[in-house]
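**Student:** First the structure, which I've put down as structure tokens, then a few questions once you've had a look.
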Amino acid sequence: MKPSPDSRWMTVLNVLAALLLTLLFLSPAVAATAAKTPIDKSALSDAGFKVLTATTKVQEDWVRGLPAGKIRAMQRTGKKYFIYPDAPGKQIYVGGPKEYDTYVQRHPEHRVADSTQAAKDSSAYRAKRTDEMKEASARDLSDPFLGVTWGDLGW
């Protein structure tokens, strides 16, 4: 069966509409990333951040795996640190809360999201999921066939 000329035009119009919708939804994300000012490495150094260079392949892979262009909070041995990766330079900038506060006073647009609120949110989510899992486990233990009947087997 030969497709009609009208169906070809409808296909072309559908493809164009899909492309336009994709551009419409992507443009705010592109504008948001373009509007944010990049982090200046010399400003990090001026604030007191130390530079650590990756010397092994594992360290280089770890630096490359970090989200680029963002300062990230992390804890190690009970102390809080803030790191900024420089993957092309195979190094990271590391500072403590004092250095981070100094940097953020000069560049408030690069403030890390409130980690205590994020921790509370994730803890509440895990607690909710734990309750749901307990209910599911109790249901599964009460029904050894997990809801499967002989009729479901096709016999």
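The values are calculated or read from the model by the stated rules, or taken from the named source; none is laboratory data. Everything quoted here is computed from the prediction, not taken from an experiment. Please note: Cβ atoms are built from the backbone with ideal geometry, for glycine as well, and neighbour counts cover all protein chains shown.
**Student:** Of all residues in segment 72-82, count the ones that are under 16 Å from the mean Cα position of the chain (by Cα) and surrounded by 13 or more Cβ atoms within 10 Å (Cβ to Cβ).
**Tutor:** Of the residues in segment 72-82, 2 are under 16 Å from the mean Cα position of the chain (by Cα) and surrounded by 13 or more Cβ atoms within 10 Å (Cβ to Cβ).
**Student:** I would also like to ask the following. Residue 136 - would you say it is more than 19 Å from the chain's Cα centre (by Cα) and either surrounded by 10 or more Cβ atoms within 10 Å (Cβ to Cβ) or at pLDDT 75 or above (or both)?
**Tutor:** In short, yes.
**Student:** So, one more: Of the conditions (1) surrounded by 10 or more Cβ atoms within 10 Å (Cβ to Cβ); (2) farther than 30 Å from residue 51 by Cα; (3) of a type outside the set (A, V, I, L, M, F, W, C); (4) modelled with pLDDT under 70, residue 115 satisfies every one except a single condition; which number is it?
**Tutor:** With (1) surrounded by 10 or more Cβ atoms within 10 Å (Cβ to Cβ); (2) farther than 30 Å from residue 51 by Cα; (3) of a type outside the set (A, V, I, L, M, F, W, C); (4) modelled with pLDDT under 70 applied to residue 115, the lone miss is (2).
**Student:** For the subset of segment 53-71 comprising residues that are of a type outside the set (Gly, Ala, Ser) and surrounded by 15 or more Cβ atoms within 10 Å (Cβ to Cβ), which member is nearest to residue 103 (Cα to Cα)?
**Tutor:** Of everything passing the filter in segment 53-71, 71 is nearest to residue 103 (Cα to Cα).
**Student:** Among the residues of segment 1-48, count how many are among the small types (Gly, Ala, Ser), surrounded by 10 or more Cβ atoms within 10 Å (Cβ to Cβ) and at pLDDT 80 or above.
**Tutor:** Summing the residues that are among the small types (Gly, Ala, Ser), surrounded by 10 or more Cβ atoms within 10 Å (Cβ to Cβ) and at pLDDT 80 or above in segment 1-48 gives 4.
**Student:** Could you figure out which of (1) over 23 Å from the mean Cα position of the chain (by Cα); (2) modelled with pLDDT under 90 isn't true of residue 53?
**Tutor:** Unmet condition: (2).
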